[in-house]
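Let me begin by presenting the structure, written as structure tokens, before commenting on it.
The values are calculated or read from the model by the stated rules, or taken from the named source; none is laboratory data. All of these numbers come straight from a predicted model, not from anything done at the bench. Cβ sites come from the backbone with ideal geometry, for glycine too, and all protein chains shown count toward neighbours. For the accessible areas, the whole protein counts, side chains as well, though only heavy atoms, and no ligand, DNA or RNA atoms are used. Shrake-Rupley method; radii C 1.70, N 1.55, O 1.52, S 1.80 Å.
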Amino acid sequence: MRVGLFVTCVNDTLYPRTGRAVVTLLERLGVQVDFPAEQSCCGQPLFNTGYRHRTEPLLRRYAAAFRDHDYIVTPSGSCAAMVRDNYPRIAAKATAEGRPGAVPAAVAEAAARTYELTEFLVDVLGVTDVGAYYPHTVTYHPTCHGLRVLGLGDRPQRLLERVEGLDLRELPGAEECCGFGGTFAVKNPAVSAAMGTDKARAVTSTGARALCTVDNSCLMHIGGILAREGSPVTPVHIAEILAGSKEDGADGTPAGDGAGRGAAR
Amino acid sequence: MTGTYLGMPSFPRAADASTRDHRLRANLRRATHTIRAKRDRAVAELDDWVQLRAAGAAVKDRTLRHLDHYLVQLEESVTRAGGTVHWAADAAEANRIVTGLVLATGEREVVKVKSMATQETGLNGALAAAGIRAYETDLAELIVQLGDDLPSHILVPAIHRNRAEIRDIFRRRMAEWGLPAPEGLTDRPADLAEAARLHLREKFLRAKVAVSGANFAVAETGTLVVVESEGNGRMCLTLPETLISVVGIEKVVPTWRDLEIFLQLLPRSSTAERMNPYTSMWTGTTDGDGPRAFHLVLLDNGRTDTLADTTGRQALRCIRCSACLNVCPVYERAGGHAYGSPYPGPIGAVLTPQLRGLASPLEESLPYASSLCGACFEACPVAIDIPEVLVHLRERVVEGGTVTLRGTRTVIKPAKRHATERTVMRAAGWAFDHPRVLRRGQRLLARTRGLHPGRLPGPGRAWSDARDLPEVPPESFRDWWARTRGGSGRKGEPS
């Protein structure tokens, strides 16, 4: 099985620990991981802001970078959703508008091989117990794209429940958006911050020490607010929890990527 | 579209004020969360909801594809049943027609059934300018009218008010509009309802002319349908001598049978009820029963232009249930007024810019009034992919493109205000397509990580005002992979 890691631009630049955790985790499960360096951003920030044409080279790049892989795995619900939900549409529109460069068939075919990490673990590898150890209280925020576009359902929770030592706390109002929304956070700062503050309050109310999601961009937003409020909650990507083992996961502060400056590292 | 909402600020500016209004936030949160939970239960009771939803979307789409045919059929059916059909291309024409019809009766006051179409055209203002007083009879519309306010929700126009505020409005204003509020009125819901009932009864018994909208108009029979919870609409539809209904052209359904779908979808989605309390249907006029004259004003006002947009036209499926408002986290914080239109929330964010055109900073800002979380799409009983339309309209704002304005295909230019953003996006798109450039940028970021400011300048300031910035790691994933995996991933990297 040839698995290509699509690490995403946010993880590559700001959260490399998440990508390293995916490699550790998949290799522990006997999967050989490849990282094609010609990969780039999925184009979501461009597309969602209204610059559809500018995403077309990125579609082509994605299809080329991962053309030889059986599966493409990404630790980002929203980037997987962008690829699966929007790539085929964008490619088809480009062709209809006389710009066939995006190659609809190749793009749609690559999109169909794309999996968000927890989906890949549960649906393709067929595992829920990944042999992880993480002795902390954790609450899980289901991100909007993971929940509504990919339909991840309870896959992430099923994986978390099988992590040794992990105490999973239910998050009130879990299905509500955290308010990040890419450029939404910049274009509508007041509403974005109000949504994020409510989410941060719900997170704190669980008493959990770590907040986990399938998307670092949501964690960056919620974690940034938690850090500003001086909260002890550490944002951590689900891949880092699932990659945790007895050797590196000693009791104490949960290991996270430190979404905010104030967060523990 | 309407005078009342003219001059509203853009969405982010309006929302900046409303998100700080703690009473508004609390009122909205309580109301939307209550109805949201009830709706989930009501929908879960039906095991064929998914099929109903698909059927609703399919009927609407098929009707929209042949709208010309069904509208002509509707006109014939209504005329045959004794009604008169008028066609209004825009709000001004609709208001002119209605005003003329009222003046011709010799009356100077009308009772109104709650109607989105007449909110859209600003009919009450036009009637007032002609010396005609319009009385809103829906309880929430009455509260809005007495409070010199604007509606902030499609179904519950006074959702932003709590009962203490409503008591104060009744005490202060009822006397000016008719029967005064009872002495010592309290804020008990039953007392408030009784005060409104007494106030409105006088209007129902006196009025000779009523103005309504309609939830559906059946082409095959010429039947109009109003769906409401209070029965006040039914009083207006049956007691007066003249009934004038202003109806958007997208409200037509082909057959009586089609109502079966929508009368299940609508109440459960809007009020979380299994069956709607008052469903009034009327077909033309009948001797000795109900109004003696019936006029149907069919309103376009941007709908044909919207229909011409193959992606955006799905917004015309909307049955005004407001389920999308009640699940929208943005609506819940910003409130309905921030949308600058009688259509607030997610559906307003796609409908208003299409009906009015991307005419001003307000309409341009509406497609961005969403985090694209998808809750609206999930809740919509006719499966309008609101996020898809939002992104499509964003593209129109920043890139321009072909639109239809007043029936003419026009290529609009990109909005000027987005020039800086366009430059940034062009640069980002280029860098993303050149991984070596991206890598150099990452390395520069990592090298300078000690120097990064705690607060961002420019548009990023809004971000760092409310949140801490992420810390840049010393090494990107890309570099880590190249360093530890012997650069095997480098192969194939384009120059």
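Given the criterion within 11 Å of chain A (Cβ to nearest Cβ), hydroxyl-bearing (S, T, Y) and either part of a loop (DSSP other than H, G, I, E, B) or without any contact (Cβ under 8 Å) to a residue 40 or more places away in the chain (or both), identify the matching residue among B:S365, B:S370.
On the way: B:S365 fails: either part of a loop (DSSP other than H, G, I, E, B) or without any contact (Cβ under 8 Å) to a residue 40 or more places away in the chain (or both).
One residue alone meets the criteria, B:S370.
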Point to revise | Single condition A:L171 does not satisfy, out of (1) at pLDDT below 95; (2) more than 24 Å from A:P16 (Cβ to Cβ); (3) among the aliphatic types (A, V, I, L, M) | key: (1)
**Study point:** Only one of B:R108, B:R53, B:R65, B:R133 that is basic (K, R), under 29 Å from B:L259 (Cα atoms) and in contact (Cβ under 8 Å) with a residue 12 or more places away in the chain
**Key:** B:R53
Revision key, fill the gap. Those residues of the stretch B:295-310 which are among the β-branched types (V, I, T) and assigned to a helix (DSSP H, G or I) amount to B:T304, B:T306
Check your understanding: From the set of residues in the stretch B:352-362 that are assigned to a helix (DSSP H, G or I) and within 14 Å of chain A (Cβ to nearest Cβ), which is surrounded by the most Cβ atoms within 10 Å (Cβ to Cβ)?
Key -> B:P353
**Study point:** Boolean, B:D68 is assigned to a loop (DSSP other than H, G, I, E, B) and either out of contact with any Asp or Glu (no Cβ under 9 Å at 6 or more places or on another chain) or open to solvent by 50 Å² or more (accessible area, probe 1.4 Å) (or both)
**Key:** no
Check your understanding: Which helices (runs of 4 or more DSSP H) does the stretch A:10-73 wholly contain that include 2 or more residues that are surrounded by 22 or more Cβ atoms within 10 Å (Cβ to Cβ) and out of contact with any Ser or Thr (no Cβ under 8 Å at 6 or more places or on another chain)?
Key -> A:16-28, A:52-65
Study note, to complete from the structure: Note on the stretch B:222-264: residues over 15 Å from B:V85 (Cβ atoms), in a helix (DSSP H, G or I), touching a Ser or Thr at 6+ places or on another chain (Cβ under 9 Å) and of a type outside the set (D, E, K, R) are B:N232, B:G233, B:M235, B:C236, B:L237, B:T238, B:W256, B:L259, B:L263
Revision key, fill the gap. Going through the stretch B:311-326 in order, the residues found to be touching a Gly at 6+ places or on another chain (Cβ under 9 Å) and part of a helix (DSSP H, G or I) are B:L316, B:R317, B:C324, B:L325, B:N326
Review point. From the list A:A102, A:A111, which one is open to solvent by less than 30 Å² (accessible area, probe 1.4 Å), within 20 Å of A:G43 (Cα to Cα) and modelled with pLDDT under 95?
Key: A:A102
Review point. In the stretch B:339-351, is there at least one residue being touching a Cys at 6+ places or on another chain (Cβ under 9 Å), open to solvent by 10 Å² or more (accessible area, probe 1.4 Å), within 30 Å of B:T238 (Cα to Cα) and more than 14 Å from every other protein chain (Cβ to nearest Cβ)?
Key: no
Point to revise | Members of the stretch A:121-136 found to be at positive phi and either open to solvent by less than 40 Å² (accessible area, probe 1.4 Å) or more than 20 Å from the chain's Cα centre (by Cα) (or both), listed by number | key: A:G131
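How many residues does the stretch B:304-317 hold that are open to solvent by less than 10 Å² (accessible area, probe 1.4 Å) and either more than 22 Å from B:V397 (Cβ to Cβ) or touching a residue at least 60 places away in the same chain (Cβ under 8 Å) (or both)? Give the steps one after another, and end with the answer.
Narrowing the stretch B:304-317 to residues open to solvent by less than 10 Å² (accessible area, probe 1.4 Å): B:306, B:312, B:315-316.
Narrowing the set further to residues that are either more than 22 Å from B:V397 (Cβ to Cβ) or touching a residue at least 60 places away in the same chain (Cβ under 8 Å) (or both) leaves B:312, B:315-316.
Residues meeting the conditions: 3.
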Review point. Which of the residues that make up the stretch A:164-198 are open to solvent by less than 10 Å² (accessible area, probe 1.4 Å) and of a type in the set (V, I, T)?
Key: A:V191
Review point. Any chance the stretch A:1-15 includes a residue that's more than 7 Å from chain B (Cβ to nearest Cβ), in contact with a Cys (Cβ under 6 Å, 6 or more places away or on another chain) and among the polar types (S, T, N, Q)?
Key: yes
Practice item. Would you check if there is a residue in the stretch B:441-455 being open to solvent by less than 60 Å² (accessible area, probe 1.4 Å), at the interface with chain A (Cβ under 9 Å from one of its Cβ atoms) and within 30 Å of B:D305 (Cβ to Cβ)? Key: no
Practice item. Identify the single condition in (1) surrounded by 23 or more Cβ atoms within 10 Å (Cβ to Cβ); (2) under 14 Å from the mean Cα position of the chain (by Cα) that B:R320 does not satisfy, given that it satisfies every other one. Key: (1)
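In this structure, is B:A308 of a type in the set (G, A, S) and within 14 Å of chain A (Cβ to nearest Cβ)?
no
Among the listed residues B:V102, B:V78, which satisfies the condition of being open to solvent by less than 10 Å² (accessible area, probe 1.4 Å), touching a Phe, Trp or Tyr at 6+ places or on another chain (Cβ under 9 Å), touching a residue at least 40 places away in the same chain (Cβ under 8 Å) and assigned to a helix (DSSP H, G or I)?
Numbers: B:V102 fails: touching a Phe, Trp or Tyr at 6+ places or on another chain (Cβ under 9 Å).
Result: B:V78 is the single residue among B:V102, B:V78 that is open to solvent by less than 10 Å² (accessible area, probe 1.4 Å), touching a Phe, Trp or Tyr at 6+ places or on another chain (Cβ under 9 Å), touching a residue at least 40 places away in the same chain (Cβ under 8 Å) and assigned to a helix (DSSP H, G or I).
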Check your understanding: Just checking, how many residues over the stretch B:202-221 are surrounded by fewer than 21 Cβ atoms within 10 Å (Cβ to Cβ) and assigned to a helix (DSSP H, G or I)?
Key -> 4
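Looking at the stretch B:402-409, is at least one residue of a type in the set (S, T, Y), in contact (Cβ under 8 Å) with a residue 24 or more places away in the chain, within 12 Å of another protein chain (Cβ to nearest Cβ) and open to solvent by 10 Å² or more (accessible area, probe 1.4 Å)? Don't jump to the end; show me each part of the working.
Residues of the stretch B:402-409 that are of a type in the set (S, T, Y), as a first pass: B:402, B:404, B:408.
Filter once more, so that each one left must be in contact (Cβ under 8 Å) with a residue 24 or more places away in the chain: B:404.
Next, only the ones that are within 12 Å of another protein chain (Cβ to nearest Cβ) stay: none.
There is no residue in the stretch B:402-409 that is of a type in the set (S, T, Y), in contact (Cβ under 8 Å) with a residue 24 or more places away in the chain, within 12 Å of another protein chain (Cβ to nearest Cβ) and open to solvent by 10 Å² or more (accessible area, probe 1.4 Å).
Among the listed residues A:R201, A:R228, identify the single one that is free of Cβ contacts under 8 Å to residues at least 24 places away in the same chain and open to solvent by 10 Å² or more (accessible area, probe 1.4 Å).
Values: A:R228 fails: free of Cβ contacts under 8 Å to residues at least 24 places away in the same chain.
Exactly one of A:R201, A:R228 is free of Cβ contacts under 8 Å to residues at least 24 places away in the same chain and open to solvent by 10 Å² or more (accessible area, probe 1.4 Å), namely A:R201.
Where residues in the stretch B:129-163 are of a type in the set (A, V, I, L, M, F, W, C) and outside any loop (DSSP other than H, G, I, E, B), which of them is surrounded by the most Cβ atoms within 10 Å (Cβ to Cβ)?
Step one: filter the stretch B:129-163 for residues of a type in the set (A, V, I, L, M, F, W, C), giving B:129-130, B:132, B:134, B:139-140, B:142-144, B:146, B:150, B:154-156, B:158-159.
Those still in the list that are outside any loop (DSSP other than H, G, I, E, B) too: B:129, B:134, B:139-140, B:142-144, B:146.
Numbers: B:A129: 11, B:A134: 21, B:L139: 21, B:A140: 21, B:L142: 27, B:I143: 23, B:V144: 22, B:L146: 21.
Looking at residues that are of a type in the set (A, V, I, L, M, F, W, C) and outside any loop (DSSP other than H, G, I, E, B), I get B:L142.
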Exercise for review: Any residue in the stretch A:129-154 that's within 11 Å of chain B (Cβ to nearest Cβ) and touching a residue at least 40 places away in the same chain (Cβ under 8 Å): show its pairings with residues that are among the charged types (D, E, K, R) and open to solvent by less than 40 Å² (accessible area, probe 1.4 Å) at Cβ separation under 7 Å, as long as the two are six or more apart or on different chains.
Suggested key: A:T143/A:D215; A:G146/A:E116; A:G146/A:D215; A:L150/A:E116; A:L150/A:E119
Review point. Does the stretch A:21-50 hold any residues that are at the interface with chain B (Cβ under 8 Å from one of its Cβ atoms) and either touching a residue at least 60 places away in the same chain (Cβ under 8 Å) or touching a Gly at 6+ places or on another chain (Cβ under 7 Å) (or both), and which are they?
Key: A:D34, A:F35, A:P36, A:A37, A:E38, A:P45, A:L46, A:N48, A:T49
Study note, to complete from the structure: Per the filter on the stretch B:364-373, residues open to solvent by 10 Å² or more (accessible area, probe 1.4 Å) and of a type outside the set (S, T, Y) are B:E364, B:L372, B:C373
Study note, to complete from the structure: Only one of (1) surrounded by fewer than 15 Cβ atoms within 10 Å (Cβ to Cβ); (2) farther than 30 Å from B:R417 by Cβ; (3) among the charged types (D, E, K, R) does not apply to B:R53, and that is (1)
